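Structure, as structure tokens:
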Amino acid sequence: MAIDKVFRDLRTSLRRANDRLQELRLTVVEDRPMTNDAVVVDNLEYAVEDLAGWLKEALDAAGAGVDASQIPADLDSVRRTLTTCQERFRRIEEVYAASLVSYEKLTDLASFASERRGEWTPWVASVKRGIDLCRYPLDESRVRLTECWQEIAERVGMTSISVHSTTIGQKIESPAGAGEIAHETIP
């Protein structure tokens with residue numbers, strides 16, 4: 001597969017993840033009820049805001065990777081941008097797992113909704129739906145990241161070059177017909 005194609009696919013999957021995360025952010029930050037706020041809601045907001053920032057950085061790196069992967073591909077730049085993208089994505093997955101979809105966090109949200117009732121119950125249901133909708137594009141992005149690394153690994157394996165120099169000096173001859181032929185070896 002072409003390296004620019006796998007980077008475009010990565011950028012597309014990260015954009016999908018970003019779209020889902022922005023929908024979740026809208027629910028968590030903008031649409032939340034204003035009365036009887038709680039720490040569980042604040043922690044959810046902080047986690048979503050962190051994810052949004054890291055996802056933007058991953059998207060920027062993927063875009064730079066698309067640019068660097070154009071023919072002729074600058075493999076060093078491609079590798080650096082992919083490393084940045086991978087690091088941001090690792091953070092995203094860690095926080096998503098620990099702060100959004102962990103059993104403890106989902107149980108806290110459910111308890112919060114049952115305690116507060118009213119407008120909080122549909123809000124929590126919407127948040128849970130939004131969290132779940134983020135899962136597929138994040139899984140897809142993980143697969144695309146792996147494909148990018150595989151493509152780089154294949155290219156590195158194809159561009160192996162060996163150089164052996166055995167010249168010790170240089171032989172200089174004067175042009176024919178100049179009378180005398182001079183030979184000189186320069187170390």
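Observations, loosely collected:
- With R₀ fixed at 22 Å, the C-beta to C-beta distance from Asp76 to Gln150 puts the FRET efficiency at about 0.80.
- Computed P(r) (all Cα pairs; region 1-72; 5 Å bins; percent): 3, 16, 20, 16, 13, 10, 8, 6, 4, 2, 1, 0
- Theoretical gain in end-to-end length, Glu45 to Lys5 [0.36 nm per residue, Cα-Cα removed]: 10.9 nm
- Efficiency of FRET from Cβ geometry, Leu106 and Lys56, R₀ 35 Å, rounded to 0.05: 0.85
No lab work stands behind these numbers, since they all come straight from the coordinates. These numbers come from a predicted model, not from an experiment. Cβ sites come from the backbone with ideal geometry, for glycine too, and all protein chains shown count toward neighbours.
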